[in-house]
Protein chains: 2
Amino acid sequence: MARRSYPPAKVYGLLEPGPVALLTTAGKAGPNVMTMSWLTMMEFEPPLIGCVVSGRNFSFEALRKTKQGVIAIPTVELADQVVAVGNCSGCEVDKFAEFDLTPLPAEQVAAPLVKECYANLECRVADGRLVNQYNFFILDVLKAWVGTAWKDPRTLHHRGKGRFFVAGETVKLKPKAK
Amino acid sequence: MARRSYPPAKVYGLLEPGPVALLTTAGKAGPNVMTMSWLTMMEFEPPLIGCVVSGRNFSFEALRKTKQGVIAIPTVELADQVVAVGNCSGCEVDKFAEFDLTPLPAEQVAAPLVKECYANLECRVADGRLVNQYNFFILDVLKAWVGTAWKDPRTLHHRGKGRFFVAGETVKLKPKAK
């Protein structure tokens with residue numbers, strides 16, 4: 001699946017609508033991937049992302065120690081894999097192998113891109129001040145990629161208790177701001 | 001439109017999918033409302049929300065000084081109003097009157113609920129440590145309400161540049177976590 005470099009100024013449009021995301025890391029134990037939904041844009045450009053990674057996640061230590069990760073955005077075609085990734089821990093399973101996800105080398109970080117995802121954001125921890133109290137990481141996006149195969153990516157959005165909705169029809173409105 | 005008190009433990013399901021939201025405040029100049037998309041859950045229970053309110057917004061000072069606000073979640077039926085609210089400033093316009101939105105008294109805060117929205121979250125600023133640097137507020141949800149008239153609320157999700165999508169079909173999957 002071909003991908004192209006994506007302008008930093010447009011990254012907000014990938015995350016603002018609240019898609020379920022994957023986070024990859026490359027800790028001591030090797031590459032790992034988790035499912036996450038608690039993230040928000042914090043600045044347009046350079047793009048800044050705030051996200052919660054629970055201390056109970058195997059990825060927490062890898063993110064904290066390496067200060068690097070990749071946020072990858074899957075579409076509904078990957079729904080079963082996204083849930084499976086969230087249902088087990090990287091301390092027990094090589095999730096890339098187990099769930100047929102393909103790690104690809106990133107350009108700026110050691111954590112891998114996820115080939116099957118429509119967007120990948122290479123990130124570095126910019127501010128860890130709220131990690132101890134809230135497990136909240138502030139990330140700089142160093143490099144963004146989007147797949148060229150998706151026109152209207154049907155992202156997944158979690159409503160809780162196993163209910164997700166898929167991005168529906170597009171409406172065009174006229175906000176003055178971005 | 002009837003509403004019922006909503007369990008704090010279920011609030012995450014309202015915000016996780018990334019809906020465009022309204023934020024009301026009750027500052028010196030009276031009640032005001034703005035449109036926002038940069039917010040995330042930070043804790044399940046008691047529910048904690050992180051959100052960015054730019055210092056360029058008229059609501060910023062009201063939120064900072066009163067330490068109170070209401071996050072209201074509109075559905076696609078309010079799309080034009082949501083965009084209109086985002087396109088002007090409360091320093092020039094009484095947006096409730098101008099855009100036919102009805103402020104209703106909240107229970108725990110001075111900021112009003114928005115009658116036409118399917119959910120309303122009464123919030124208090126819990127942590128303002130990142131306000132100066134990032135305009136990032138951490139809010140406690142003191143009380144949550146949802147309208148009883150909505151079954152599958154068709155929330156709005158911003159992709160940037162005036163493109164929004166509406167919450168589409170629901171898929172049921174089997175995550176182990178909430």
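Testing residue B:137 on (1) within 12 Å of chain A (Cβ to nearest Cβ); (2) under 14 Å from the mean Cα position of the chain (by Cα); (3) part of a helix (DSSP H, G or I), one condition comes back false. Which one is that?
Among (1) within 12 Å of chain A (Cβ to nearest Cβ); (2) under 14 Å from the mean Cα position of the chain (by Cα); (3) part of a helix (DSSP H, G or I), residue B:137 violates only (3).
Would you pick out the residues in region A:105-144 that are free of Cβ contacts under 8 Å to residues at least 12 places away in the same chain and closer than 19 Å to residue A:30 by Cα?
Residue satisfying the conditions is A:105 alone.
Looking at the structure I just gave you, is residue A:19 under 11 Å from the mean Cα position of the chain (by Cα) and within 18 Å of residue A:147 (Cβ to Cβ)?
Yes: the conditions hold for residue A:19.
Residues are listed down the side, and each one gets a yes or a no for (1) more than 10 Å from chain B (Cβ to nearest Cβ); (2) of a type in the set (D, E, K, R):
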{"site": "A:4", "(1), (2)": "yes, yes"}
{"site": "A:11", "(1), (2)": "no, no"}
{"site": "A:17", "(1), (2)": "no, no"}
{"site": "A:20", "(1), (2)": "no, no"}
{"site": "A:26", "(1), (2)": "yes, no"}
{"site": "A:37", "(1), (2)": "no, no"}
{"site": "A:45", "(1), (2)": "yes, yes"}
{"site": "A:49", "(1), (2)": "no, no"}
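If you go through region B:1-43, how many residues are closer than 23 Å to residue A:38 by Cβ and part of a loop (DSSP other than H, G, I, E, B)?
10
Can you give me the number of residues within region B:73-103 that are hydrophobic (A, V, I, L, M, F, W, C) and farther than 17 Å from residue B:29 by Cα?
9
So if I check each of A:122, A:61, which one is at pLDDT 95 or above, buried (at least 20 other Cβ atoms within 10 Å of the Cβ) and over 17 Å from residue A:18 (Cβ atoms)?
Just one listed residue meets the conditions, A:122.
May I ask you to verify whether residue B:39 is of a type in the set (A, V, I, L, M), surrounded by 22 or more Cβ atoms within 10 Å (Cβ to Cβ) and over 27 Å from residue B:9 (Cα atoms)?
Spelling it out, it is not the case that residue B:39 is of a type in the set (A, V, I, L, M), surrounded by 22 or more Cβ atoms within 10 Å (Cβ to Cβ) and over 27 Å from residue B:9 (Cα atoms).
If you take the residues in region A:49-58 that are out of contact with any helix residue (DSSP H, G or I) (no Cβ under 8 Å at 6 or more places or on another chain) and surrounded by fewer than 22 Cβ atoms within 10 Å (Cβ to Cβ), which one is nearest to residue A:130 (Cα to Cα)?
A:55
Working only within region A:130-152, note down all residues that are surrounded by 24 or more Cβ atoms within 10 Å (Cβ to Cβ) and not aromatic (Phe, Trp, Tyr).
A:139, A:141
Residues of region A:83-103 being aliphatic (A, V, I, L, M) and farther than 20 Å from residue A:19 by Cβ, which ones?
Selection gives A:93, A:97.
Looking at region A:65-81, can you tell me whether even one residue there is touching a strand residue (DSSP E or B) at 6+ places or on another chain (Cβ under 7 Å), closer than 19 Å to residue B:42 by Cβ and surrounded by 22 or more Cβ atoms within 10 Å (Cβ to Cβ)?
yes
Among the listed residues A:127, A:100, A:94, which satisfies the condition of being over 15 Å from the mean Cα position of the chain (by Cα), surrounded by 17 or more Cβ atoms within 10 Å (Cβ to Cβ) and either under 22 Å from residue B:42 (Cβ atoms) or not hydroxyl-bearing (Ser, Thr, Tyr) (or both)?
A:127
What are the residue pairs meeting all of these: first residue in region B:149-177, first residue closer than 28 Å to residue A:87 by Cβ and at the interface with another protein chain (Cβ under 7 Å from one of its Cβ atoms), second residue of a type in the set (S, T, N, Q) and assigned to a loop (DSSP other than H, G, I, E, B), Cβ atoms under 9 Å, and 6 or more apart or on different chains?
Qualifying pairs under 9 Å: B:157/B:37; B:174/A:87; B:175/A:87; B:176/A:87; B:177/A:87.
Considering only region B:122-131, I want to know if a residue exists there that is in a strand (DSSP E or B), among the aliphatic types (A, V, I, L, M) and away from chain A (no Cβ under 12 Å).
yes
Collect the residues in region B:15-37 that are of a type in the set (A, V, I, L, M, F, W, C) and closer than 19 Å to residue B:68 by Cβ, keeping them in residue-number order.
B:15, B:21, B:22, B:23, B:26, B:29, B:33, B:34, B:36
Against the conditions (1) more than 7 Å from chain A (Cβ to nearest Cβ); (2) over 14 Å from residue A:166 (Cα atoms); (3) in a loop (DSSP other than H, G, I, E, B), where does residue B:144 fall short? Just the number, please.
(3)
Checking the structure you have, find out if any residue of region A:53-73 is at the interface with another protein chain (Cβ under 10 Å from one of its Cβ atoms) and part of a strand (DSSP E or B).
Checked region A:53-73: no residue is at the interface with another protein chain (Cβ under 10 Å from one of its Cβ atoms) and part of a strand (DSSP E or B).
Closer than 19 Å to residue A:136 by Cα and touching a Ser or Thr at 6+ places or on another chain (Cβ under 7 Å): is that true of residue A:42 in this structure?
In short, no.
I'd like to check something: does region A:162-171 contain any residue that is of a type in the set (Lys, Arg), more than 13 Å from the chain's Cα centre (by Cα) and outside any strand (DSSP E or B)?
no
The values are calculated or read from the model by the stated rules, or taken from the named source; none is laboratory data. All of these numbers come straight from a predicted model, not from anything done at the bench. Note that we place each Cβ from the backbone using ideal geometry, even for glycine, and neighbour counts take in every protein chain shown.
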